[in-house]
1. Would you mind stating whether Val137 is under 22 Å from the mean Cα position of the chain (by Cα), surrounded by 19 or more Cβ atoms within 10 Å (Cβ to Cβ) and closer than 25 Å to Ser76 by Cβ?
2. Checking Ile47 against (1) modelled with pLDDT under 55; (2) of a type in the set (A, V, I, L, M); (3) in contact with a strand residue (DSSP E or B) (Cβ under 6 Å, 6 or more places away or on another chain), which test does it fail?
3. Report, ordered by the first and then the second residue, all pairs with beta carbons closer than 6 Å, sequence separation of six or more or different chains, a first member in the stretch 305-319 that is more than 13 Å from Ser336 (Cβ to Cβ), and a second member that is in a loop (DSSP other than H, G, I, E, B) and of a type in the set (S, T, N, Q).
4. Looking at the stretch 310-322, is at least one residue in a strand (DSSP E or B), open to solvent by less than 40 Å² (accessible area, probe 1.4 Å) and touching a Lys or Arg at 6+ places or on another chain (Cβ under 8 Å)?
5. Looking only at residues in the stretch 68-116 that are over 29 Å from Gly147 (Cα atoms) and of a type in the set (Gly, Ala, Ser), which one is surrounded by the most Cβ atoms within 10 Å (Cβ to Cβ)?
6. Give just the number: which of (1) surrounded by 11 or more Cβ atoms within 10 Å (Cβ to Cβ); (2) modelled with pLDDT of 90 or more; (3) within 23 Å of the chain's Cα centre (by Cα) does Arg359 not satisfy?
7. Only one residue in Ser158, Ser178, Ser188 is under 21 Å from the mean Cα position of the chain (by Cα) and hydroxyl-bearing (Ser, Thr, Tyr). Which one?
8. I'm trying to understand the selection: among the residues of the stretch 53-111, which are over 24 Å from Gly132 (Cβ atoms), in contact (Cβ under 8 Å) with a residue 24 or more places away in the chain and in a loop (DSSP other than H, G, I, E, B)?
Amino acid sequence: MEDTVVRNNKRSSQHEILEVFNRQIGVNSPKKFSRTISASEALVKRIDLAGKLIGHEGCVNTIEFNYCGDHLVSGSDDRRVKFWNVATRSLVCSYASGHVDNIFQARIMPFTDDTKIITSAADGQVRLGQVGENGHVHTKKLGKHHGRVHKLAVEPGSPHIFYSCGEDGLVQHFDLRSNSSAKLFCCSSFSENNHHSSSNSLRLNSIVIDPRNPNYFSIGGSDQYARVYDIRKLQWDQPSSNQDRPVNTFCPKHLIKTHDVSITGMSYSHTSELLVSYNDELIYLFQKDTGLGPDPLSVSNENFEEPRMYSGHRNSMTVKGVSFFGPNSEYVMSGSDCGHIFIWNKKDCKLVRVMEGDRRIVNQVEPHPSIPVLASSGLEKNIKLWVPMSSDNTIPLPHDLQEIMESNKQGREDHSRVTLTPDVIMHVLRLHRRQAMAYIERRHNREDIASDEEDESDAYVLGFADHDGSLEDGNSSECSIV
């Protein structure tokens, strides 16, 4: 095996030398050379920890680079939004979001000079932070879900349009020019008889927009199907099951008849491939033309094209994201319950790099928009930055990788055999009641914050929430400049 690794490293080095030679004689343009080197597997194998961004007082649930990649925004259980300088690894701005529960998503609206940041949280609110010229940040509520809101999706290239999805099954459309939201539809499960069950709405965890055609967006939640919708076919402010008409659906063949899986994260590639991460299952890559159509229950399993599959990690305890890496989406990345970051080659599904990213769980892995750099966050209170290091040798996979992967696999198999006994159900109900009482207490006393461990176990694992976390429409706070 060591001989194989040596041969592969030598082949990668020879490829890099050839690219440099072609660049010197003018065969490769600077742009093509940069993209080719950035996609080099030898470069990915040199990625290592470069530094940490320290400042949050709770788990960091969301991270995103701005369009240029020189700054990064983050949101945390401490309910604060922080803006960082990536090069100097320093805090530029920090403000109170106005949320009364854990922040799950923070996104920078493009072409706004990084002055508009949208957020969503466990309190069900969708909020806007507007950075003023005087250094103040004014926040206001844009919309509300009945339940937690894990993800927001910004229309590519638009400084105004974005979407939200929540655990109430509702998908909403926002336009910052009108400061209002439009309810599109409530996503419901498929049934054998009428294909949709309006009484059984799904808890939605993820929403993504196709970068090649922003008219299409995909959502995923508490069943096995990734659903694709065409915004042009939806009517505004009529959120009913009649509006819930996907134009396509995706699901691995072996999961079609299962009822105990859910989707936690999705991502589109530059060629409209759809990457889907399942809770306590694996990650799958679907080609655009391999869907099951709008009615997956009527499709025969014959001639079914299986998606590519990426394994080795475990996605069980938290709502994890999944993403592509590389200038042309050459790699797939995910965090894991074992505290590692996994990077696979997209084409052959083989592991390229495995890094220890958290002492407990890695939730988010975010690629830089233009160079081979990434950021990660998890249950620790910091953000880690990863870059290719100037080493002559590539970094090998962990010596105990097989043990790590086997442990993750065993965890998935053990979890699939778990059944809910009456004692377990009663424990869950008691925990739900305690969580509701704790939420009420936090509303009346904003300074009384639960410990990180309580937040981690209650807010992520079980997924109970239907809170009315309403706030006043406006909240002004001063940006803390460091």
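The values are calculated or read from the model by the stated rules, or taken from the named source; none is laboratory data. Predicted model, so just to flag it, every value in this text is computed and none were measured. Every residue, glycine among them, receives a Cβ derived from its backbone with ideal geometry; neighbour counts consider all protein chains shown. We work out accessible area using only protein heavy atoms, side chains counted, and drop any ligands, DNA or RNA first. Shrake-Rupley method; radii C 1.70, N 1.55, O 1.52, S 1.80 Å.
1. Answer is no for this residue.
2. Here Ile47 clears every test but (1).
3. If the second residue must be in a loop (DSSP other than H, G, I, E, B) and of a type in the set (S, T, N, Q), the pairs left are Glu305/Thr290.
4. Within the stretch 310-322 (the criterion being in a strand (DSSP E or B), open to solvent by less than 40 Å² (accessible area, probe 1.4 Å) and touching a Lys or Arg at 6+ places or on another chain (Cβ under 8 Å)), the answer is no, since none of the residues qualifies.
5. Per the criteria, the residue is Gly69.
6. Unmet condition: (1).
7. One residue alone meets the criteria, Ser158.
8. Glu57, Gly58, Cys59, Gly69, Asp77, Arg89, Asp101, Asn102, listed by residue number.
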